[in-house]
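The values are calculated or read from the model by the stated rules, or taken from the named source; none is laboratory data. If you're wondering where the values come from, they're calculated on a predicted model, not measured in any experiment. Just the protein is used for accessible areas: all its heavy atoms, side chains included, with ligands, DNA and RNA removed. Shrake-Rupley method; radii C 1.70, N 1.55, O 1.52, S 1.80 Å.
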Amino acid sequence: MIQLINVQDKLRPQLRQILTHCKMVGYITPRSAIDDYGIMSLARRINDLEALGYEVQRQNRKHPATGQRYTRYFVSPEPKALSAAS
């Protein structure tokens, strides 16, 4: 008998925090990752999620007051392999 393993149960805590944040808010930014969760390298964690099969969309933005550029990351709630199997 094949047992299905919930991938999210096996994720490192920072990756789970990113996924939970994206489910609640819809996206995550480097600023919210640092301020809310202490994640200093969001881009690296996003790459980790992509390696695990999560689909990530990026939206480049520019802060209206400061002009600083940043990226919003939209992460799919499930890895591609699990989404296709469902």
Using a 1.4 Å probe on the protein chains only, how many percent of the accessible area of the stretch 20-86 belongs to carbon and sulfur?
49
Excluding residues fewer than 8 places away in the same chain, name every one of the lysines whose C-alpha is closer than 28 Å to that of residue 62.
23
Compactness of the stretch 16-86 - radius of gyration and Dmax, Cα, Å
12.8, 45
Once phi for every residue in the stretch 36-50 is put through the Karplus expression 6.51 cos²θ - 1.76 cosθ + 1.60 (θ = phi - 60°), the whole-Hz ³J(HN,Hα) values, with Gly and Pro written as x, are 8, 10, x, 7, 7, 10, 4, 4, 5, 5, 5, 4, 4, 5, 4
With θ set to phi - 60°, apply the Karplus curve 6.51 cos²θ - 1.76 cosθ + 1.60 along the stretch 11-23 and write out the HN-Hα couplings as whole Hz, x wherever there is a Gly or Pro.
6, 5, x, 5, 5, 5, 4, 5, 4, 4, 4, 5, 5
